[in-house]
Every structure is written in C-alpha cells, then in structure tokens.
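Step one of this worksheet: look at the structure below.
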Amino acid sequence: MADYFSPTVIPEIIPDADMTKLELLLLSHMFEAEPDGGGTYFHSWQGPSDLIWMDRAELNAALEEVRGSDSQVRDYVEDKLKSTAADDASVYLDMSGVSWEMILQDIVRRSAKLRYITVTTAFTCSKMRADGFGGMALFITADAIKGCSTTEFLSDCLADIAGQESG
C-alpha cells in the first residue's frame with residue numbers, strides 16, 4: 001500500500017492581530033502552528049487537515065468573539081455545531097465544506113499589512129508511483145486565489161511544443 005502526503009508551508013508569518021480568534025484556532029488545528037514574534041507560521045508535514053477535534057469551550061469563546069461580523073467560516077462552524085451534542089466537551093468538525101484557502105483570503109482582505117499569502121505544497125508518496133509526486137503553488141489576494149500545479153505547468157509546456165511543431 002502506498003501512502004500519499006502533501007507537505008505544505010505558508011512562508012508568510014500571519015500577524016496574530018490580522019486573524020480572529022476563530023481563524024487562528026481553526027488554522028492551528030488544520031496546520032501545525034508556531035508562534036513567531038507577533039504572528040504565526042503555519043505548516044504541515046502531511047498536509048492540512050479537514051477533520052479536526054476541538055475543545056468546545058475554546059471554540060465557543062472564539063465564535064462569540066466574531067459574532068455579528070461578516071464571517072463565512074463562523075456561519076459554517078455554527079451550522080456544524082448544530083449536529084453535535086450540546087454537552088460534548090470536545091467536538092469533531094469536518095471542515096471540508098469550507099476551505100482553509102478561504103480563511104486565508106479573509107485574513108488578507110482585512111489585513112493592513114498583508115497584500116497576499118503564498119502557499120507551497122509538495123505531493124509525495126511512500127512508493128515510487130507516477131501519480132505520487134509533484135506539487136502546487138497558491139497565490140492568495142483579497143480578490144483571487146490563483147494556483148498552478150506541476151501537472152498544469154508541464155501541460156502548458158507540452159502545448160507550447162505542440163504549437164511550435166504545427167506552426
């Protein structure tokens with residue numbers, strides 16, 4: 001059996017002041033998070049996690065802080081909490097319906113310092129399989145999330161060669 005991994009880094013240190021408590025809490029469970037000065041460095045050796053366990057009291061406190069603000073992630077989390085028992089001390093959240101990319105874009109939208117956030121991901125595999133290697137890069141601004149995989153890059157190169165041969 002082959003194991004697939006997606007080591008991911010966000011090279012920019014995200015200022016803690018630019019994140020809501022909810023965003024910081026969620027991203028810290030989706031990624032590994034390291035404090036760095038007045039910000040946080042996010043990365044994951046295996047790939048960001050969509051399925052996260054959280055302390056309900058900590059999550060409720062973070063939700064309360066963003067109540068009344070325009071937050072897509074808040075609405076999503078509140079909706080997910082409706083299907084959990086109110087007395088559970090921990091909650092299991094499936095975050096696959098809202099992307100961490102969207103959370104990062106919301107941070108850029110509000111930030112006075114960040115004009116963009118970049119994300120680099122490598123695709124690796126425990127066996128030498130043709131579909132197990134590659135990567136991608138994302139460029140996240142307030143207005144767009146742009147990405148390119150190594151497969152797309154190579155396809156563009158092949159299209160360029162095909163165009164030169166037919167021309």
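The values are calculated or read from the model by the stated rules, or taken from the named source; none is laboratory data. What you are looking at is a predicted structure, and each value in this text was computed from that prediction instead of being measured. Cβ: placed from backbone, ideal geometry, glycine included. Neighbour counts: every protein chain shown.
Candidates in the range 13-25 are the residues that are buried (at least 19 other Cβ atoms within 10 Å of the Cβ) and touching a Leu at 6+ places or on another chain (Cβ under 8 Å); of these, the one that is farthest from GLY47 (Cα to Cα) is ASP18. Remark: GLY163 matches the filter, which requires a residue to be more than 15 Å from the chain's Cα centre (by Cα) and without any contact (Cβ under 8 Å) to a residue 12 or more places away in the chain.
Of all the residues in the range 13-48, those that are assigned to a loop (DSSP other than H, G, I, E, B), more than 16 Å from ARG109 (Cα to Cα) and of a type in the set (A, V, I, L, M, F, W, C) number 2. Reported count of residues in the range 85-134, each being assigned to a strand (DSSP E or B) and within 29 Å of TRP53 (Cβ to Cβ), is 14. For the range 135-151, filtering for residues that are part of a strand (DSSP E or B) and among the β-branched types (Val, Ile, Thr) leaves 2.
Any residue at all in the range 102-111 that is free of Cβ contacts under 8 Å to residues at least 60 places away in the same chain and closer than 16 Å to HIS29 by Cβ? Yes, the range 102-111 contains a residue that is free of Cβ contacts under 8 Å to residues at least 60 places away in the same chain and closer than 16 Å to HIS29 by Cβ. Residues that are without any contact (Cβ under 8 Å) to a residue 12 or more places away in the chain, surrounded by 13 or more Cβ atoms within 10 Å (Cβ to Cβ) and closer than 30 Å to ARG56 by Cβ do not occur anywhere in the range 129-145. Scanning the range 3-17 for residues that are at pLDDT 95 or above and in contact with a helix residue (DSSP H, G or I) (Cβ under 8 Å, 6 or more places away or on another chain) returns ILE10, ILE14, ASP16. Within the range 68-79, the residues that satisfy the criterion of being buried (at least 16 other Cβ atoms within 10 Å of the Cβ) and either outside any loop (DSSP other than H, G, I, E, B) or modelled with pLDDT of 90 or more (or both) are VAL73, ARG74, TYR76, VAL77.
Residues in the range 18-59 that are touching a Ser or Thr at 6+ places or on another chain (Cβ under 9 Å) and of a type in the set (Gly, Ala, Ser): SER28, ALA33, SER44, GLY47.
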